[in-house]
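For reference, the structure discussed in these notes is given below.
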Amino acid sequence: MATTMTVRPPQDIQDRYTVLAKKTGRPRSFYINKALEDSIDELEEVYGVLHDLEEYRAGRLKPLSSDEARRACGL
C-alpha cells in the first residue's frame with residue numbers, strides 16, 4: 001500500500017520531472033517513485049558503511065581478524 005511522502009526538490013528538478021511526464025504520458029509520481037526505488041539500495045549501502053566507519057573510529061565497533069571474518073561469512 002502506498003502512503004504519501006512530502007518532498008521539496010529544487011524547482012529545476014521538478015521542472016525536469018514535469019517535462020518527462022508530459023513527453024511520455026506518465027505521471028510525475030511514476031518517475032519519482034522509480035528514482036527513489038532505484039537509489040535506495042546504494043544509499044543504504046553507502047551510509048551503512050559510513051555509519052560503521054564512524055562506529056569503528058569511536059571505538060564502538062570491534063575489528064575482526066581474517067579468520068573471524070571468514071567464520072562470520074560461513075567460509
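Only helices (runs of 4 or more DSSP H) wholly contained in the chain count here; list those with 2 or more residues that are among the β-branched types (Val, Ile, Thr).
Helices (runs of 4 or more DSSP H) meeting the threshold: 11-24, 28-57.
Please find, among Ala69, Ala35, the residue that is closer than 23 Å to Thr6 by Cβ and surrounded by 11 or more Cβ atoms within 10 Å (Cβ to Cβ). First the steps, then the outcome.
Values: Ala69 fails: closer than 23 Å to Thr6 by Cβ.
Only one candidate passes the filter, namely Ala35.
Regarding segment 48-55, can at least one residue be identified that is on the phi > 0 side of the Ramachandran plot, at pLDDT 95 or above and over 18 Å from the mean Cα position of the chain (by Cα)?
Checking segment 48-55: not a single residue is on the phi > 0 side of the Ramachandran plot, at pLDDT 95 or above and over 18 Å from the mean Cα position of the chain (by Cα).
The values are calculated or read from the model by the stated rules, or taken from the named source; none is laboratory data. Please read all numbers here as calculations on a predicted model, not as lab measurements. All Cβ positions, glycine included, derive from the backbone under ideal geometry; neighbour counts span all protein chains shown.
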